[in-house]
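Chemist: This is the structure I have questions about; it appears just below.
The values are calculated or read from the model by the stated rules, or taken from the named source; none is laboratory data. Keep in mind the model is a prediction, meaning the values are calculated, not measured. Reconstructed Cβ throughout: ideal geometry from the backbone, glycine too, with neighbour counts over all protein chains shown.
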Amino acid sequence: MTSTVWIQEMTWEEIQEKIDAGAKIVLLPVGSTEQHGPHLPVGTDTMVAAALAEAAAREASVLAAPPLWFGWSPHHMVLPGTITIRPEVLIELLYDIMASLSHHGFSAFVVINGHRIVNISWLQIAAERAKRTLGVNVALFDPAYMSKEMVRNMGWGEIGHAEEIEGSHMWHCYPELVKMERAKDNPHQHPSLYHVDPGYPGDTLCYVPSTVSEQKQSVLPFGGTSGEPGKASPEGGKKYHEHLVHRLVEVIRMLQEKTP
């Protein structure tokens, strides 16, 4: 029997054995392929989602589906390497993934979002439809929302893009891909009544992705970064990763209790 948690690395017979043994839950890592400054790879969002999925799947003895490497990234078309998919297409794609796995006997899914607030809207729509039409349980796990209790104690600033939070997480999980010596700090600006960080306590308008022209003005001079990657550390990334894996396992256990 294979020791992998990844469905794409198993044969259909090995997957059937898992189902016959009572496997009901599948982790679905979702991210993006988009510019992440001069110091992080364009696959950052998907890579961190996959790292969380693999660690939690091993600890909780569940399976993980192949990562979805694309997200909604129109604002990051300002720099090359970005691939943006229309949200209406992504909704259908994620729904079809859950429908396919549901057909084979899986009945609960944890969608792990590595692309932060930009992916949330279409993920919610796909998850609601799956619950309503397939009769499955779906949890939406987002690191930005699931780390609010600990992230401020790390001495990090607000959520931006390719900042100290993402930089630290990648530095811990994929140190060979991080080029921190090339990072450029771009301290957060605070326009009136508008903040991207979901943990921000003040009054704020809801998030709307920037246009390419807006991105040219705000982040292009800093290589695509928003925030202060100079504060990143692999030690901080380890604490952040372990916190999220712990929470993710908690979510899996919760689903296991209510999934027949």
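Chemist: For region 32-56, how many residues meet the condition of being under 14 Å from the mean Cα position of the chain (by Cα), under 15 Å from Leu177 (Cα atoms) and of a type in the set (S, T, N, Q)?
Modeler: 3
Chemist: Output yes when any residue across region 164-171 is in a loop (DSSP other than H, G, I, E, B) and touching a residue at least 12 places away in the same chain (Cβ under 8 Å), and no when none is.
Modeler: Looking for residues that are in a loop (DSSP other than H, G, I, E, B) and touching a residue at least 12 places away in the same chain (Cβ under 8 Å), one finds none in region 164-171, hence no.
Chemist: Collect the residues in region 214-238 that are at pLDDT 95 or above, assigned to a helix (DSSP H, G or I) and either crowded, with 19+ Cβ neighbours inside 10 Å or in contact with a helix residue (DSSP H, G or I) (Cβ under 6 Å, 6 or more places away or on another chain) (or both), keeping them in residue-number order.
Modeler: Matches in region 214-238: Pro229, Lys231, Pro234, Gly236, Gly237, Lys238.
Chemist: Tell me, yes or no, whether region 61-78 has at least one residue that is assigned to a helix (DSSP H, G or I) and free of Cβ contacts under 8 Å to residues at least 12 places away in the same chain.
Modeler: no
Chemist: Turning to a different aspect of this structure: Scan Val118, Val110 and give me the residue that is touching a strand residue (DSSP E or B) at 6+ places or on another chain (Cβ under 6 Å), touching a residue at least 12 places away in the same chain (Cβ under 8 Å) and not basic (Lys, Arg).
Modeler: That would be Val110, the only listed residue that is touching a strand residue (DSSP E or B) at 6+ places or on another chain (Cβ under 6 Å), touching a residue at least 12 places away in the same chain (Cβ under 8 Å) and not basic (Lys, Arg).
Chemist: Which one is surrounded by the fewest Cβ atoms within 10 Å (Cβ to Cβ) among residues in region 172-199 that are of a type outside the set (D, E, K, R) and part of a helix (DSSP H, G or I)?
Modeler: Ranking the qualifying residues of region 172-199, first place goes to Pro175.
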